[in-house]
Amino acid sequence: MVRTNPLGVARQYVEASREGQAWLRRYCEEHDVDHRAGHATTYATTRLGEPAGARRSSPPRARAGLP
């Protein structure tokens, strides 16, 4: 995302995603829908099936506001 869009767009994407998550949590709580929060993990590989280098994605991710 950060490679192909300005940092401000990535930050807006993160903010919108967090608001969507908050809305979903509120909805579940208000309608007695069982749910639990957890950490999402994304794993990517190259076309050859090799690890894509998660270390390179960490600094842009942090600049966009993600841990």
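The values are calculated or read from the model by the stated rules, or taken from the named source; none is laboratory data. None of these values were measured; they are calculated from a predicted model. Positions of Cβ are backbone-derived with ideal geometry, glycine not excepted, and every protein chain shown enters the neighbour counts.
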With (1) of a type in the set (A, V, I, L, M); (2) modelled with pLDDT of 90 or more; (3) outside any loop (DSSP other than H, G, I, E, B) as the list, and V33 as the residue in question, which single condition is left unmet? (3)
Being over 15 Å from A62 (Cα atoms) and in a helix (DSSP H, G or I) is the filter here, so list the residues in region 1-16 that pass it. A16
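Quickly run through region 1-44 and pick out the residues that are of a type in the set (S, T, N, Q) and surrounded by 10 or more Cβ atoms within 10 Å (Cβ to Cβ). Steps first, please.
So in region 1-44, the residues of a type in the set (S, T, N, Q) come out as 4-5, 12, 17, 21, 41-42.
Scanning region 1-44 gives N5, Q12, S17, Q21.
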